[in-house]
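Student: Handing you this structure, nothing more for now.
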Amino acid sequence: MGNAMSFSVTAEEEARVQVFKSKGMVLEPRQAGDLVLVIVITVIYFLQLLAVLFMLRNRKYPPIKAKNPWMMLPIFVAYIFWFVGDLQINGHAPLKGTALEKCKAFG
C-alpha cells in the first residue's frame, strides 16, 4: 500500500480520471501541488487558532472585547469542519483503507 499521499499516478487514480472522463468531465490526478496547498492552508489555520486562543485569553481588553471573541470560537470551529470536508470532497485526502471509509458523514 505504501504512502497514502503518493504522487505517482496509481491505477486507482487513473480509474478516477477515467470515471470522470466517461461522464464528460475533466479530472486531473492528485499531484505534489495539492499537498503543498493543504500544508499552506493548515499552517494558516494553525496561526488563526493561535489568534483565537490569544483573543480568548485577553478577552477583557476593551478592543478585543468589542470583537466578541466568544463568537470567534464557533466560527473557527466551523472553518475547521469546512476544511476537513473540503479535503475529503475534493479528493485531497483519500479515505480508502481508513476508518472513515464507511463513515456516512464523510462519504
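Student: Among the numbered criteria (1) at pLDDT below 80; (2) open to solvent by 70 Å² or more (accessible area, probe 1.4 Å), which single criterion is violated by Gly33?
Tutor: (2)
Student: Checking Gln48 against (1) open to solvent by less than 80 Å² (accessible area, probe 1.4 Å); (2) within 22 Å of the chain's Cα centre (by Cα); (3) at pLDDT below 90, which single condition isn't satisfied?
Tutor: (3)
Yes or no, residue by residue, for (1) of a type in the set (Asp, Glu); (2) open to solvent by 60 Å² or more (accessible area, probe 1.4 Å); (3) at pLDDT 85 or above:
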| residue | (1), (2), (3) |
| --- | --- |
| Met5 | no, no, no |
| Glu12 | yes, yes, no |
| Val17 | no, no, no |
| Ile44 | no, yes, yes |
| Phe54 | no, yes, yes |
| Ile89 | no, yes, no |
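Student: A further question on this structure: Of everything in region 56-87 that's of a type in the set (Gly, Ala, Ser) and over 19 Å from Leu35 (Cβ atoms), which residue is modelled with the highest pLDDT?
Tutor: Ala78
Student: What do you reckon, is Ile64 surrounded by 13 or more Cβ atoms within 10 Å (Cβ to Cβ) and over 16 Å from the mean Cα position of the chain (by Cα)?
Tutor: Answer is yes for this residue.
Student: Another question, if that's okay. Go through (1) free of Cβ contacts under 8 Å to residues at least 40 places away in the same chain; (2) out of contact with any Phe, Trp or Tyr (no Cβ under 8 Å at 6 or more places or on another chain); (3) not β-branched (Val, Ile, Thr) and name the single condition Gly97 misses.
Tutor: (1)
Student: Further, regarding this structure: Name the single residue, out of those in region 19-30 being open to solvent by 90 Å² or more (accessible area, probe 1.4 Å), not β-branched (Val, Ile, Thr) and not in a helix (DSSP H, G or I), that is nearest to Leu73 (Cα to Cα).
Tutor: The first filter runs over region 19-30 and keeps only residues open to solvent by 90 Å² or more (accessible area, probe 1.4 Å), leaving 21-23, 25-26, 28.
Now drop any that are not not β-branched (Val, Ile, Thr), which leaves 21-23, 25, 28.
Of the ones still in play, those that are also not in a helix (DSSP H, G or I) are 23, 25, 28.
Details: Lys23: 41, Met25: 38, Glu28: 36 Å.
Here the residue is Glu28.
The values are calculated or read from the model by the stated rules, or taken from the named source; none is laboratory data. All figures in this text were calculated on a predicted structure; none of them were measured in a lab. We place every Cβ from the backbone using ideal geometry, glycine too, and count neighbours over all the protein chains shown. For accessibility, only protein heavy atoms count, side chains too; no ligands or nucleic acids. Shrake-Rupley method; radii C 1.70, N 1.55, O 1.52, S 1.80 Å.
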